[in-house]
C-alpha cells in the first residue's frame, strides 16, 4: 500500500510540475519543435531542470541500502541499442512532434475534458495493449 501511495504522490507532483510549466499545452510543446519559426526554448529549460533534479535525486537515493518501500533497487541493466529501442524512440518522437503530447502530459490534460485528449489517451492505451499482446505472442 505504501508503494501505491508513493507512486500516486510522485504522479501528482509530476502532473503539478507539468501544469505549472504549461507542458500540458500541445501548442507550447510544438513551439519548441518550430525551430524555423517562432521557437520557444522553455521545453528545453523544463527538461534540463528535470534532468538536474533527477540526477541529484538518483545519486542520493542510491546511497541508501534499499528503497523505502522495497527490499532491493530495480535498476535496468540492458545497455545495448537495438532496432526495437530505435523504432520505439522514432514512433514516440514522431507522435510527440505531430500532436505535441506525450503520455505524462496527455494523462494530466484529461482533467480539461477535451475529447481530443481523451481520444489520444485511448489510442495510447490501445497501442500499449497491442504491443503487449504482440510481444507475448512472440512476434
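The values are calculated or read from the model by the stated rules, or taken from the named source; none is laboratory data. As the structure is a computational prediction, the values presented were derived from the model and not from experiment. Because the Cβ atoms are built from the backbone with ideal geometry, glycine has one as well, and the counts that use them run over all protein chains shown.
Does segment 20-27 include one or more residues that are farther than 19 Å from residue 99 by Cα and touching a residue at least 24 places away in the same chain (Cβ under 8 Å)?
Going through segment 20-27, the residues farther than 19 Å from residue 99 by Cα turn out to be 20.
Then keep just the ones that are touching a residue at least 24 places away in the same chain (Cβ under 8 Å); that gives none.
No; the residues of segment 20-27 include none that is farther than 19 Å from residue 99 by Cα and touching a residue at least 24 places away in the same chain (Cβ under 8 Å).
Go through 57, 31, 37, 48 for me and flag whichever is closer than 21 Å to residue 120 by Cβ and either free of Cβ contacts under 8 Å to residues at least 24 places away in the same chain or touching a strand residue (DSSP E or B) at 6+ places or on another chain (Cβ under 8 Å) (or both). Talk me through it step by step, then tell me what you get.
Values: 57 fails: closer than 21 Å to residue 120 by Cβ; 37 fails: closer than 21 Å to residue 120 by Cβ; 48 fails: closer than 21 Å to residue 120 by Cβ.
The conditions single out 31.
Any residue at all in segment 41-52 that's in a loop (DSSP other than H, G, I, E, B) and within 24 Å of residue 17 (Cα to Cα)? Explain how you work it out, then say what you get.
We begin by selecting, within segment 41-52, every residue in a loop (DSSP other than H, G, I, E, B); these are 41.
Those still in the list that are within 24 Å of residue 17 (Cα to Cα) too: 41.
Looking through segment 41-52, at least one residue is in a loop (DSSP other than H, G, I, E, B) and within 24 Å of residue 17 (Cα to Cα).
Just one of (1) within 21 Å of residue 11 (Cα to Cα); (2) loosely packed, with under 12 Cβ neighbours inside 10 Å; (3) more than 21 Å from the chain's Cα centre (by Cα) trips up residue 52, so point out which.
(3)
Within segment 18-27, take every residue that is outside any loop (DSSP other than H, G, I, E, B) and touching a helix residue (DSSP H, G or I) at 6+ places or on another chain (Cβ under 7 Å) and give me the one that is surrounded by the fewest Cβ atoms within 10 Å (Cβ to Cβ). Spell out the reasoning first.
At the first step, the residues of segment 18-27 found to be outside any loop (DSSP other than H, G, I, E, B) are 18-20, 26-27.
After this cut, where a residue has to be touching a helix residue (DSSP H, G or I) at 6+ places or on another chain (Cβ under 7 Å) as well, the list is 18-19, 26.
Numbers: 18: 21, 19: 15, 26: 19.
Selected residue: 19.
Tell me yes or no: at least one residue of segment 69-90 is under 26 Å from residue 121 (Cα atoms), surrounded by fewer than 11 Cβ atoms within 10 Å (Cβ to Cβ) and in contact (Cβ under 8 Å) with a residue 40 or more places away in the chain.
Taking every residue of segment 69-90 in turn, none turns out to be under 26 Å from residue 121 (Cα atoms), surrounded by fewer than 11 Cβ atoms within 10 Å (Cβ to Cβ) and in contact (Cβ under 8 Å) with a residue 40 or more places away in the chain.
Would you be able to say whether some residue in segment 92-102 is within 16 Å of residue 17 (Cβ to Cβ) and modelled with pLDDT of 90 or more?
Taking every residue of segment 92-102 in turn, none turns out to be within 16 Å of residue 17 (Cβ to Cβ) and modelled with pLDDT of 90 or more.
Against the conditions (1) assigned to a loop (DSSP other than H, G, I, E, B); (2) under 19 Å from the mean Cα position of the chain (by Cα); (3) without any contact (Cβ under 8 Å) to a residue 40 or more places away in the chain, where does residue 101 fall short? Just the number, please.
The one condition residue 101 does not meet is (3).
In this structure, is residue 81 under 25 Å from residue 130 (Cα atoms) and part of a loop (DSSP other than H, G, I, E, B)?
yes
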